[in-house]
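These notes concern the structure reproduced below.
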Number of protein chains: 2
Amino acid sequence: MEDKYVKEITAKSEDFSQWYVDVILKGELADYSPVRGCMVIRPYGYALWENMQKLLDRRFKETGHKNAYFPLFIPESLLKKEAEHVEGFAPEVAWVTHGGQEELAERLAVRPTSETIICSMYSKWIKSWRDLPVLINQWCSVVRWEKSTKPFVRTAEFLWQEGHTAHRTEEDAEEETLRMLEVYRDFVENELALPVIKGRKSENEKFAGALRTYTIEAMMSDGKALQAGTSHNLGQHFSKVFDITFLDQDGKLKYVWQTSWGVTTRLIGAIIMTHGDDRGLKLPPRVAPIQVVIVPIFGQQKEEILEKSRSLYQTLKDYFRVELDDRDEYTPGWKFNEWEMKGVPVRLEIGPKDLAQNQVLLVRRDTGAKISVKEADLIPYLTGLLDDIQANMFKEARKFMEDNTREAFNFEELKNIIENKKGFVKAMWCGSGECEKRVKEETGATLRCIPFDQEQISDKCVVCGKEAKKMVYFAKSY
Amino acid sequence: MEDKYVKEITAKSEDFSQWYVDVILKGELADYSPVRGCMVIRPYGYALWENMQKLLDRRFKETGHKNAYFPLFIPESLLKKEAEHVEGFAPEVAWVTHGGQEELAERLAVRPTSETIICSMYSKWIKSWRDLPVLINQWCSVVRWEKSTKPFVRTAEFLWQEGHTAHRTEEDAEEETLRMLEVYRDFVENELALPVIKGRKSENEKFAGALRTYTIEAMMSDGKALQAGTSHNLGQHFSKVFDITFLDQDGKLKYVWQTSWGVTTRLIGAIIMTHGDDRGLKLPPRVAPIQVVIVPIFGQQKEEILEKSRSLYQTLKDYFRVELDDRDEYTPGWKFNEWEMKGVPVRLEIGPKDLAQNQVLLVRRDTGAKISVKEADLIPYLTGLLDDIQANMFKEARKFMEDNTREAFNFEELKNIIENKKGFVKAMWCGSGECEKRVKEETGATLRCIPFDQEQISDKCVVCGKEAKKMVYFAKSY
Ligand SMILES: [Zn+2]
Ligand SMILES: [Zn+2]
């Protein structure tokens with residue numbers, strides 16, 4: 001009986017993809033909808049997203065950004081203004097062609113990203129160097145008509161934030177691009193406990209319309225890479241097309257330099273795939289919708305235990321996100337399994353023996369360790385315990401990433417690692433798009449990034465053997 | 001020079017509609033976009049919306065609701081399931097017909113409201129009486145292809161929240177419907193300083209698919225009504241069509257009872273139109289993006305004054321939403337006009353004389369009153385002053401509403417008031433849709449609501465003279 005709930009989840013080691021879908025559905029993070037490729041984010045999953053939003057939004061505001069809202073629709077002519085951009089996005093745009101009974105004179109794209117509509121406004125708003133920088137962020141949903149979808153990781157509609165900034169100089173834009181990449185790294189590593197590699201994307205992998213794209217890459221526990229956040233220096237590509245000019249201090253009319261950057265609900269997918277295990281989700285305490293769940297174990301003293309549980313709930317709720325599971329229709333064991341599956345970091349059990357000794361039993365989701373704690377010490381103990389769980393989850397994930405990062409010195413080695421092991425491959429690269437494409441075609445792995453932390457592990461390109469310019473990471477990815 | 005900025009705004013008394021658009025554009029709340037009927041909400045306007053969201057979202061959570069996210073798109077077949085509902089919304093739906101290069105097999109509506117897509121999920125999720133109530137809210141944008149638009153008040157796309165709940169009994173649903181109406185009244189009156197009339201909509205004016213619709217109606221300062229929030233008891237209309245059943249405690253399979261309720265960014269329009277004056281916006285302190293603006297007046301002591309201004313800013317920013325306007329390129333007078341136009345509740349001036357006396361000058365946006373306050377008393381004084389401004393703004397708006405609410409005892413009087421005076425007309429009504437329609441056709445006014453606070457001002461219907469059942473409010477509206 002007590003294991004039944006968990007047994008409904010496929011084992012992670014058996015079928016990673018099925019396990020992923022199982023924990024999302026059974027954990028009530030999300031559900032399939034009647035709309036092809038679109039999911040419903042259920043309250044438990046949305047609460048996780050809200051916690052993530054709060055922590056990110058605070059960082060955006062601390063770095064001087066303000067939120068705004070731009071239209072959901074982009075006229076086709078506007079989307080097509082920047083050639084590389086439209087080429088990148090046109091194949092996956094959803095088109096509105098009718099409003100009410102009437103056919104529209106011009107088709108409207110449901111925004112796949114908002115550079116073009118935002119640039120059309122910036123060209124109106126920006127006149128002088130005094131108007132710069134413009135530092136705006138938007139929280140919204142976007143639509144990309146993907147052929148194959150996977151909850152959170154790839155869906156036709158998803159939630160995200162997109163920052164769009166305009167600057168006087170190229171240096172200012174580059175500084176902003178890197179500042180926001182660092183904001184993402186800090187957020188993803190410290191709040192989500194996901195270690196990442198920071199670096200630059202190759203020309204083949206950069207954002208459609210960007211000058212340079214930077215990325216943070218995380219490793220899922222099946223060894224695949226997941227792009228956890230990107231920050232683009234757009235250069236003057238868009239400002240020239242959308243005529244975004246300003247009168248500089250020297251009296252000259254100049255084009256602004258722009259950036260854009262974003263993270264999405266796919267980060268929820270990354271949390272699941274990095275931390276989860278055979279028992280289900282494992283949520284980092286900083287963003288977990290419920291940090292502590294109280295499960296009373298009635299024994300012969302139902303009334304007293306229930307009363308104590310309620311008083312503990314009242315005490316703890318000012319300090320932690322806490323829930324009291326006082327349902328009658330389930331056994332404690334069933335509840336343990338359910339809350340473990342939902343990834344709650346700490347379970348607090350209180351039974352007759354605990355009651356008699358003025359203590360509670362705490363059970364860690366990450367290690368399974370059980371600790372008896374005196375009621376008087378509970379608040380400081382729990383505070384420290386949640387920090388400890390957060391730190392431990394990050395440490396475990398970083399160890400996994402290190403253990404699954406290997407070096408390759410020639411193409412056979414590279415192919416062999418990608419085919420037979422999981423994880424990232426560090427290798428030297430000559431910088432040619434040809435070599436990069438050959439890796440993709442023959443192994444299925446892509447060049448994930450040119451990391452900021454460079455090591456000279458050899459002087460030859462892993463593919464062609466010619467002189468190497470950079471060390472890069474190759475991996476299969478989501 | 002000092003009046004120039006303000007002179008760019010049309011006088012409110014001269015042309016109310018033009019004044020409205022002027023303050024929105026010059027106050028940088030919003031801007032027109034290249035998409036027909038869609039506006040851009042600029043950072044200053046969006047900060048106002050964020051403050052409103054926070055205060056509302058807290059109330060939703062305190063009453064047990066959780067946020068979730070449902071797809072932007074609704075398949076045509078789903079939207080058409082509830083007959084009255086589709087009839088109400090179909091004329092103004094934007095349709096997606098193509099994804100990428102392909103034509104879709106079934107058209108997708110861009111959600112005009114989410115009852116249908118949410119009901120399709122509730123029918124999956126709800127099985128037992130233990131699953132009830134389901135109390136979910138969604139913050140999102142919706143699209144209604146309106147012919148004529150006006151920023152905030154009527155746009156093709158707008159932001160809102162929509163609550164969707166499911167209950168065991170009709171009484172539970174009715175209680176929820178009225179609870180959320182009261183949440184709206186409390187929010188709108190106490191945070192936005194907008195007095196409202198609480199009541200029920202007539203059959204003609206109710207939501208498409210609802211059993212009963214309740215409303216709060218506010219009066220704009222041109223005398224027109226604006227529906228500030230609505231709460232619908234949906235009965236079992238949707239649950240029967242979408243087959244949302246549960247096994248009750250008595251072992252019987254029953255249909256759930258549902259509610260939905262929403263407020264939108266049109267509340268920003270209501271704030272502007274209720275409180276604004278010839279000098280521009282006047283924002284209620286509780287939601288104003290900037291509550292206090294510091295304007296230094298340099299005189300001969302620029303460095304000292306600037307230093308003091310900065311230290312005041314540092315002190316105040318932990319208590320209030322405060323901004324320091326230390327721009328060099330504008331005169332103090334120009335700044336005064338700008339911040340008045342942007343509706344900041346309190347201006348804090350600091351000049352050489354103030355500096356010498358350890359005091360500052362506070363200027364109220366609502367009354368224009370000037371008060372010298374010792375620096376040592378500043379924080380408690382400002383706290384009280386902001387409360388006082390909030391209360392005064394509500395009082396003024398309520399007085400305006402009372403002064404512009406008149407009684408009519410026959411059709412001639414009703415017509416005359418609507419034609420020649422502005423505001424609300426209280427009148428008795430026999431309850432017939434015919435009489436209601438006649439008012440609409442001959443005066444342009446609609447039946448705004450059947451107020452909860454009933455008075456028996458006569459015993460005859462104001463239109464047909466037959467026996468009256470209820471006192472109602474008639475008014476022209478947005
Ligand atoms: Zn090479
Ligand atoms: Zn009548």
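Matching residues to (1) open to solvent by less than 10 Å² (accessible area, probe 1.4 Å); (2) closer than 30 Å to B:Phe60 by Cβ; (3) part of a helix (DSSP H, G or I):
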residue: B:Glu303; (1), (2), (3): no, no, yes
residue: B:Asp318; (1), (2), (3): no, yes, no
residue: B:Glu329; (1), (2), (3): no, no, no
residue: B:Gly333; (1), (2), (3): yes, no, yes
For this session: Among the numbered conditions (1) within 14 Å of ligand 1 (Cβ to nearest atom); (2) buried (at least 18 other Cβ atoms within 10 Å of the Cβ); (3) more than 11 Å from A:Ala408 (Cα to Cα), tell me where A:Val463 comes up short.
Result: (3)
Exercise. Got a sec? Which of B:Leu355, B:Leu414 is in the same structural domain as B:Val322 (by the TED database) and not acidic (Asp, Glu)?
Worked result: B:Leu355
For this session: Identify the residue in the range A:129-152 that is polar (S, T, N, Q) and open to solvent by less than 30 Å² (accessible area, probe 1.4 Å) and, among all such residues, is farthest from A:Gly37 (Cα to Cα).
Result: A:Asn137
For this session: Could you tell me whether any residue of the range B:82-92 is modelled with pLDDT of 95 or more and either assigned by the TED database to the domain that holds B:Thr213 or in a loop (DSSP other than H, G, I, E, B) (or both)?
Result: no
For this session: Taking the options A:Leu56, A:Leu78, name whichever one is of a type in the set (A, V, I, L, M, F, W, C), part of a helix (DSSP H, G or I) and under 15 Å from the mean Cα position of the chain (by Cα).
Result: A:Leu56
Exercise. Listed residues B:Tyr122, B:Tyr69, B:Tyr46; which is out of contact with any Asp or Glu (no Cβ under 8 Å at 6 or more places or on another chain), within 11 Å of another protein chain (Cβ to nearest Cβ) and open to solvent by less than 10 Å² (accessible area, probe 1.4 Å)?
Worked result: B:Tyr122
Exercise. Does A:Glu62 meet the test of being crowded, with 19+ Cβ neighbours inside 10 Å, among the charged types (D, E, K, R) and assigned by the TED database to the domain that holds A:Thr165?
Worked result: no
Exercise. Just a yes or no: is a residue in the range A:76-86 open to solvent by 10 Å² or more (accessible area, probe 1.4 Å), among the hydroxyl-bearing types (Ser, Thr, Tyr) and either farther than 30 Å from B:Thr97 by Cβ or at the interface with another protein chain (Cβ under 7 Å from one of its Cβ atoms) (or both)?
Worked result: no
Exercise. Out of all the residues in the range B:412-434, which are within 15 Å of ligand 2 (Cβ to nearest atom), out of contact with any Asp or Glu (no Cβ under 8 Å at 6 or more places or on another chain), open to solvent by less than 50 Å² (accessible area, probe 1.4 Å) and of a type outside the set (Gly, Ala, Ser)?
Worked result: B:Leu414
Seminar exercise, completed: Only one of (1) more than 16 Å from ligand 2 (Cβ to nearest atom); (2) outside any strand (DSSP E or B) does not apply to B:Arg448, and that is (2)
For this session: Tell me which residues, restricted to the range A:125-155, are more than 8 Å from chain B (Cβ to nearest Cβ), of a type in the set (A, V, I, L, M, F, W, C), closer than 30 Å to A:Val40 by Cβ and assigned to a loop (DSSP other than H, G, I, E, B).
Result: A:Phe152, A:Val153
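In the list A:Phe394, A:Phe474, A:Phe424, A:Phe409, which residue meets the criterion of being in contact with a helix residue (DSSP H, G or I) (Cβ under 8 Å, 6 or more places away or on another chain) and within 16 Å of ligand 1 (Cβ to nearest atom)?
Testing whether each residue is in contact with a helix residue (DSSP H, G or I) (Cβ under 8 Å, 6 or more places away or on another chain) and within 16 Å of ligand 1 (Cβ to nearest atom) leaves just A:Phe474.
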Seminar exercise, completed: For the range B:281-301 the number of residues that are within 22 Å of B:Ala225 (Cβ to Cβ) and surrounded by fewer than 17 Cβ atoms within 10 Å (Cβ to Cβ) is 0
For this session: Considering each residue of the range A:223-280, count those that are among the hydroxyl-bearing types (Ser, Thr, Tyr) and open to solvent by less than 10 Å² (accessible area, probe 1.4 Å), and give that number.
Result: 5
Problem set entry | Test for A:Gly209: is it at pLDDT below 95, open to solvent by less than 10 Å² (accessible area, probe 1.4 Å) and assigned by the TED database to the domain that holds A:Met121 | yes
Exercise. Can you name every residue in the range A:87-101 that is among the small types (Gly, Ala, Ser), over 24 Å from the mean Cα position of the chain (by Cα) and more than 7 Å from chain B (Cβ to nearest Cβ)?
Worked result: A:Ala90
For this session: Output the residue which, of all residues in the range A:311-351 that are among the β-branched types (Val, Ile, Thr) and more than 31 Å from the chain's Cα centre (by Cα), is farthest from A:His275 (Cα to Cα).
Result: A:Thr315
Exercise. Name the pairs: first residue in the range B:81-94 and under 23 Å from B:Thr155 (Cβ atoms), second residue of a type in the set (D, E, K, R) and assigned to a loop (DSSP other than H, G, I, E, B), Cβ to Cβ under 7 Å, at least 6 apart or on different chains?
Worked result: B:Val86/B:Lys80; B:Glu92/B:Arg144; B:Glu92/B:Glu146
Seminar exercise, completed: Restricting the range A:105-119 to residues that are open to solvent by less than 40 Å² (accessible area, probe 1.4 Å) and not in a loop (DSSP other than H, G, I, E, B), the one farthest from the other protein chains (Cβ to nearest Cβ) turns out to be A:Glu115
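If the requirement is being closer than 30 Å to A:Gly251 by Cβ, open to solvent by less than 10 Å² (accessible area, probe 1.4 Å) and of a type in the set (Asp, Glu), which of these qualifies: A:Glu176, A:Glu171?
A:Glu176
Yes/no per residue for (1) under 19 Å from A:Gly276 (Cα atoms); (2) within 19 Å of the chain's Cα centre (by Cα); (3) at pLDDT 95 or above:
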{"position": "A:Met1", "(1), (2), (3)": "no, no, no"}
{"position": "A:Tyr5", "(1), (2), (3)": "yes, no, no"}
{"position": "A:Val23", "(1), (2), (3)": "yes, yes, yes"}
{"position": "A:Gly27", "(1), (2), (3)": "yes, yes, yes"}
{"position": "A:Asp31", "(1), (2), (3)": "yes, yes, yes"}
{"position": "A:Arg36", "(1), (2), (3)": "no, no, no"}
{"position": "A:Val40", "(1), (2), (3)": "no, yes, yes"}
For this session: Please enumerate the residues belonging to the range B:3-43 that are β-branched (Val, Ile, Thr), open to solvent by 20 Å² or more (accessible area, probe 1.4 Å) and outside any helix (DSSP H, G or I).
Result: B:Thr10
Exercise. For A:Asn404, are the conditions met, namely being more than 16 Å from ligand 1 (Cβ to nearest atom) and open to solvent by 60 Å² or more (accessible area, probe 1.4 Å)?
Worked result: no
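The values are calculated or read from the model by the stated rules, or taken from the named source; none is laboratory data. Source: prediction; values computed, not measured. Every residue, glycine among them, receives a Cβ derived from its backbone with ideal geometry; neighbour counts consider all protein chains shown. Remember, those area values only see protein heavy atoms, side chains included, never the ligands or the DNA or RNA. Shrake-Rupley method; radii C 1.70, N 1.55, O 1.52, S 1.80 Å.
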